[in-house]
Amino acid sequence: MKYRHLGRTGIRVSELSLGSWITFHNQADANAAAEMMSVAYDLGVNFFDNAEAYARGKSEEVMGAALKKLGWRRGSYMVSTKIYWGLHDNVNEKNTLNRKRLIEGINGSLERLQLDYVDLLYCHRPDPTTPVEETVWAMHNIIEWGKALYWGTSEWAAAEIVEAIQIAERHHLHKPVVEQPQYNLFERGRLEGEYVRFYREYGCGATTWSPLASGLLSGKYNKGVPKDSRAALNEWLKPRMEDKEKLAKVAALEPIAKELDATMSQLAIAWCLKNPFVSSVITGASRVEQVHENMKAGEVAEGITPEIMERIDAIFGVKKEEEED
Ligand code: NDP
């Protein structure tokens, strides 16, 4: 496993990490989660991602129970959580980053995770109704109180993150150091477009999500929706997995995977690793075999040449513009 600095911070995250969205609680109980986390950890993963909204808090409970069972030394791993959607359908408690919600949110997450602190705390989405200054101060205070060590954003516009950084710098507060965008062969616009200048200028880290586009890029949906798959369990995902145009692109990747002696999943995850702004690709898994398979993506990435990258771009209809000095 290789480790990459989280942007310009001193902390290093494994280039492949493991997240709990949809899977923990819905598909994996604490024992199954502990088994997957243990395989990942033994292969060098030091970062596990979560969010209070996942399974309405139950995903954090499962990860907390798994961590307790695993009994790892706290310094040897990192856990993140995210706040925004909330757990209660109540004014001030949903879709917000107000001070009250953030502070109550982190307290609840720590209780469910059975931890004294999380390593990374994300604002899960931007909140246009709360002044960014209020959010920055609350995140700063949470860090000062030792309940989180670093903070960041997820799916914020570059301009919103820059505003948060500038407010923090003006008041000498802890600033956001990481953004968590979706990044995979079908969703690359933000990381390769809007964010480029801002990553260069401000040196934020990127922990990216859904490298397999929920499993679509594994190739397993090319013969229909498998019975035990994420799309079979989550009706809303089905149309995405039956999109003929996308499935044709996935099929066209197969010869490249074969050439690299890799599975389709390994190729798709390895491709994400080729982006130099990526600190860690957050993978997802519903079973331990997938963790074993996916964690080999680092080796596959080493074999992906610029020529292969161009062939992949051609399949996905991407034409890279020449960079100007
Ligand atoms: P992926 O796109 O990689 O999808 C993972 C799913 O694909 C698995 O649960 C499994 O589903 C299937 N899969 C994984 N490996 C294989 C394999 N080798 N062969 C076949 N199928 C496979 O990642 P996620 O969408 O799960 O996202 C990863 C993490 O990113 C999340 O856990 C979460 O921590 C984070 N995230 C963050 C978001 C944000 O807003 N910040 C949003 C979403 C995710 P199955 O077996 O059930 O079909």
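The values are calculated or read from the model by the stated rules, or taken from the named source; none is laboratory data. What you see is a predicted model, and the numbers here were worked out from it, not measured in a lab. Backbone-built Cβ (ideal geometry, glycine too); neighbour counts: all protein chains shown. SASA here: full protein model, heavy atoms, side chains in, ligands and nucleic acids out. Shrake-Rupley method; radii C 1.70, N 1.55, O 1.52, S 1.80 Å.
Looking at segment 238-325, none of the helices (runs of 4 or more DSSP H) lying wholly inside it contains 2 or more residues that are crowded, with 17+ Cβ neighbours inside 10 Å, at pLDDT below 95 and within 16 Å of the ligand (Cβ to nearest atom).
Considering only segment 177-190, state which residues are more than 14 Å from the ligand (Cβ to nearest atom) and part of a helix (DSSP H, G or I).
Across segment 177-190, the qualifying residue is only Gly189.
With respect to the conditions (1) farther than 24 Å from Gly284 by Cα; (2) crowded, with 17+ Cβ neighbours inside 10 Å, Leu113 lacks only one, and its number is (1). Out of Gly193, Gly203, one residue alone is among the small types (Gly, Ala, Ser) and either near the ligand (Cβ under 9 Å from one of its atoms) or closer than 26 Å to Phe48 by Cα (or both). It is Gly203.
How about segment 192-225: which of its residues are farther than 21 Å from Thr23 by Cβ and under 13 Å from the mean Cα position of the chain (by Cα)? Those that are farther than 21 Å from Thr23 by Cβ and under 13 Å from the mean Cα position of the chain (by Cα): Gly205, Ala206. Candidates in segment 1-60 are the residues that are more than 16 Å from the ligand (Cβ to nearest atom) and either among the basic types (Lys, Arg) or without any contact (Cβ under 8 Å) to a residue 12 or more places away in the chain (or both); of these, the one that is surrounded by the most Cβ atoms within 10 Å (Cβ to Cβ) is Arg4.
Here's the yes/no breakdown for (1) crowded, with 22+ Cβ neighbours inside 10 Å; (2) under 15 Å from Ser59 (Cα atoms):
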{"residue": "Gly75", "(1), (2)": "no, no"}
{"residue": "Thr81", "(1), (2)": "yes, yes"}
{"residue": "Gly86", "(1), (2)": "no, yes"}
{"residue": "Asn90", "(1), (2)": "no, no"}
{"residue": "Lys94", "(1), (2)": "no, no"}
{"residue": "Glu104", "(1), (2)": "no, no"}
{"residue": "Leu120", "(1), (2)": "yes, no"}
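Among the residues of segment 161-176, just one is in a helix (DSSP H, G or I) and within 15 Å of the ligand (Cβ to nearest atom), namely Ile161. The set of residues from segment 127-154 being open to solvent by less than 30 Å² (accessible area, probe 1.4 Å), assigned to a loop (DSSP other than H, G, I, E, B) and without any contact (Cβ under 8 Å) to a residue 60 or more places away in the chain comprises Asp127, Thr130. If the condition is being in contact with an Asp or Glu (Cβ under 8 Å, 6 or more places away or on another chain) and hydroxyl-bearing (Ser, Thr, Tyr), then segment 129-170 contributes Thr135, Tyr150, Thr153, Ser154. Among residues of segment 223-237 being open to solvent by 60 Å² or more (accessible area, probe 1.4 Å) and within 12 Å of the ligand (Cβ to nearest atom), the one that is farthest from Gln27 (Cα to Cα) is Lys227.
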